[in-house]
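A quick write-up on the structure given underneath.
The values are calculated or read from the model by the stated rules, or taken from the named source; none is laboratory data. As the structure is a prediction and not an experimental result, all values here were calculated from the model. Ideal geometry is used to build each Cβ from the backbone, glycine not excepted, and the neighbour counts take in all protein chains shown. Side chains are part of the model used for accessible areas, which takes the heavy atoms of the whole protein and leaves out ligands, DNA and RNA. Shrake-Rupley method; radii C 1.70, N 1.55, O 1.52, S 1.80 Å.
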Amino acid sequence: MKNLFVCLTALCLTLSLPAWAADKYDPFLIDKRVLKKEYRRIALAPVESSASLQMPEAAKEQILALVTKHLEKRKFTVLPNTLLADIRKTMIDQVGGLKDPQTGEPDAEKIAAVQDHSWRELWFRNDLDAVATVRIDILQAPVENDKAEWDGVSQKLQKKGRLKYTATVAASTVTLTIYDQKKQPLYVNYGGLEVLMMRDKKEFKPLDPSEYFRDEKRIKKATELALKPI
Amino acid sequence: MNKKSLLFAVFALVLAIPAHAAVKTMDKIDRLPEKEDEADLWERATSHEQRLRDNGTLVAYPSIEQYLESLADRMLGDFLDHLDIKLKFVVVEQPTLNAWAYPYGTIGIHTGLLVRMDNEAQLAAIVSHEVSHFLQRHTYREMLSRGTQGMIGKGLGLLAGAALASQTGSYDPGLGDFAGDLWYNLSTSGYSKKNEYVADEEGLMLMAHAGLSRDEAIPAFEKLFENEVYGAGDPRQMWSSHPRLEDRIKNLQKEIKREKRRKGFAPGVVPEAIDYYRVIAPAYLTTARLDFAEGQFARARDGLARYQLARPDDPQGYFLMGEAYRRENPAGPDFDEALAAYETTIAKDASYAAAYREIGMAYRINGNTAKAREALERYLDVAGDAADAGIVRGYLEALQ
């Protein structure tokens, strides 16, 4: 009987394995070994996030420090984000700021020019193999039984009580991408950061932006999740 | 093929599918949408199309849309006159090879599909397939047959919305409604096996009706495999991800063979490729830029070479060719092919500022300061008020 149980368990595992394996997300867009062997010198880009998140500088620094530490531990040479940040700053001055002086609105042509030229200049001035970018993205996280789950994390939406229906709430995620010089992604991975809404009785309401990025543990976990496969 | 035989063929195909008996063919009805649930489906689909227009996914290409409408007219003749419906086309700026049909006769076509077809007959093979989905009211049939299953798709619809967001950069959860779900499931995974075969076979008849060679359907469908270059697991893989494509090609081959054995078989024509390149020319430029973003430089160059044949005097085709070479090899130092393309751009239009800038940037990378200065100064002469003029002045200062 015991043997039969072991056999059945083994059979179930064998049968379920291929389907599970096929569904698993692979963040590597090139062979992992090639990435580690041929892309040794990686420059960091400044952290980008939607203006609506009002991301504090401290949170950006925390993320970049974690990325640097992780990559260096994996024997990559990491060039600081200030290389690109300084180039961008100079170029923004050279184009007279990114806003249209007449309307005060963002000037799309100037923004595109600074993005393109700063990218090219970063590579022109430095001996690089890749650039790593970190972006804080907003997405819809599925909620079940008052718990949101997305990109490897979960978060409860109310400490007390439980609302038993399914929904989606806005949540943030750390997206880490490593690009080659052609701006082709070599690696893209995500780590769930935090929900941007909370339940108030039977409704989900947006949190005030001052509530975002307060939990350093969540920032650390999100960044580590995005980096983990490297 | 005359109207009568086309009607007969459509009717025969539908008779062969008992599950669809409840839905009448176009020749048996005098108005569309026929029933309330179909009207509801149309309304949802219309709102879906409107949302795609609002978020910039559907872009107006009047000359291409007109051409596609005239192609559909040639395939259909007066078949739809009694319903007072005219097929419409919308162009989607996507590098992948895909097309789909809304239930009210609007057909969406990716620029990636337009540019990969070699001639009008190949395009007709795909367009006629979509026209057939409309003629057979396949979306409505699928809705009736999927019924409750369709509603499960709410979650799938959200995924489809997310997939769309990844293309358009804007997530609209409203696209996750039933209509959105149906559309994206159909356009990504295809209709039921039977409906796909019906559309394939009827598509051949429509091609014959327009006097086009049905043999061209084979290379046209084989090109759909090219979607694979856009990455495994990519939601935009569309048709090629479907394992039935090989089977469908085999079925088409069989069908064409059978047709050829028929008495009075008319082989149809393969129109001149260059005429096709000319009519869809704007799509080559758009798709080349999209291919740059995907890292598909060789594909971009293929399309641009066709654009140059179609519009040999337009400097844009040469400039983008230079960009394809430069972006594929951004570190240099060998920029010969890119430089040659930029020089041709200037030969075609001496005021094409961006070509001077790129020549200057290439020489700057390979250390030819004098030539870099000369070209960048020329750039500022021509485009002193360009958005990046200040940055280029900065390069010139550093080159002194």
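Numbers at a glance
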item: The lone exception for A:LYS164 - which of (1) closer than 30 Å to A:LEU225 by Cβ; (2) modelled with pLDDT of 95 or more it fails; result: (2)
item: Hey, B:PHE134 touching a Ser or Thr at 6+ places or on another chain (Cβ under 9 Å) and assigned to a helix (DSSP H, G or I) or not; result: yes
item: Residue count for segment A:86-106, restricted to those that are touching a helix residue (DSSP H, G or I) at 6+ places or on another chain (Cβ under 9 Å) and either hydrophobic (A, V, I, L, M, F, W, C) or not in a helix (DSSP H, G or I) (or both); result: 9
item: Total residues in segment A:60-91, condition closer than 26 Å to B:ASP388 by Cα, touching a Ser or Thr at 6+ places or on another chain (Cβ under 9 Å) and β-branched (Val, Ile, Thr); result: 2
item: Qualifying residue in segment B:341-352 (condition: within 14 Å of chain A (Cβ to nearest Cβ) and in contact (Cβ under 8 Å) with a residue 24 or more places away in the chain); result: no
item: Selected residue [in contact with a Ser or Thr (Cβ under 9 Å, 6 or more places away or on another chain), small (Gly, Ala, Ser) and within 11 Å of chain A (Cβ to nearest Cβ)] from B:GLY394, B:GLY317; result: B:GLY394
item: Failed item, numbered, when A:LYS217 is tested on (1) outside any loop (DSSP other than H, G, I, E, B); (2) open to solvent by 20 Å² or more (accessible area, probe 1.4 Å); (3) touching a residue at least 60 places away in the same chain (Cβ under 8 Å); result: (3)
item: Qualifying residue in segment B:303-326 (condition: buried (at least 16 other Cβ atoms within 10 Å of the Cβ), touching a residue at least 40 places away in the same chain (Cβ under 8 Å), part of a helix (DSSP H, G or I) and under 19 Å from the mean Cα position of the chain (by Cα)); result: yes
item: The listed residue being more than 20 Å from A:PRO229 (Cβ to Cβ) and at pLDDT 95 or above, out of A:ALA85, A:ALA51; result: A:ALA85
item: Criterion: out of contact with any Asp or Glu (no Cβ under 7 Å at 6 or more places or on another chain), farther than 23 Å from A:LEU35 by Cβ and surrounded by fewer than 19 Cβ atoms within 10 Å (Cβ to Cβ) - qualifying residue of A:LYS205, A:LYS183, A:LYS156; result: A:LYS205
item: Within segment A:166-203, considering residues that are over 19 Å from A:GLN62 (Cα atoms) and of a type in the set (D, E, K, R), the one nearest to the other protein chains (Cβ to nearest Cβ); result: A:LYS182
item: Of all residues making up segment A:192-202, the number that are open to solvent by less than 90 Å² (accessible area, probe 1.4 Å) and farther than 19 Å from A:LEU139 by Cβ; result: 1
item: Scan of segment B:258-277 for residues that are in a helix (DSSP H, G or I) and closer than 16 Å to B:GLY203 by Cβ, ordered by number; result: B:ARG258, B:GLU259
item: Contacts under 7 angstrom Cβ, first residue in segment B:36-59 being over 25 Å from B:LEU290 (Cβ atoms) and in the same structural domain as B:GLN94 (by TED's automatic domain parsing), partner among the aliphatic types (A, V, I, L, M) and surrounded by 14 or more Cβ atoms within 10 Å (Cβ to Cβ), 6 or more apart; result: B:LEU41/B:MET143; B:LEU41/B:ALA179; B:ARG44/B:ALA179; B:ALA45/B:ALA179
item: Residue within segment A:153-160 that is of a type outside the set (Ser, Thr, Tyr), closer than 27 Å to A:LEU29 by Cβ, within 18 Å of the chain's Cα centre (by Cα) and away from chain B (no Cβ under 13 Å) present; result: yes
item: Members of segment B:344-397 found to be assigned to a helix (DSSP H, G or I), within 35 Å of the chain's Cα centre (by Cα) and exposed (fewer than 15 other Cβ atoms within 10 Å of the Cβ), listed by number; result: B:ALA347
item: Hits in segment A:129-149 (condition: of a type in the set (Asp, Glu) and either within 14 Å of another protein chain (Cβ to nearest Cβ) or in contact with a His (Cβ under 9 Å, 6 or more places away or on another chain) (or both)); result: A:ASP129, A:ASP137, A:GLU144, A:GLU149
item: When residues of segment A:107-128 are limited to those that are aliphatic (A, V, I, L, M) and in a helix (DSSP H, G or I), the one nearest to the other protein chains (Cβ to nearest Cβ); result: A:ALA113
item: Condition check for B:ALA288: open to solvent by less than 80 Å² (accessible area, probe 1.4 Å) and part of a loop (DSSP other than H, G, I, E, B); result: no
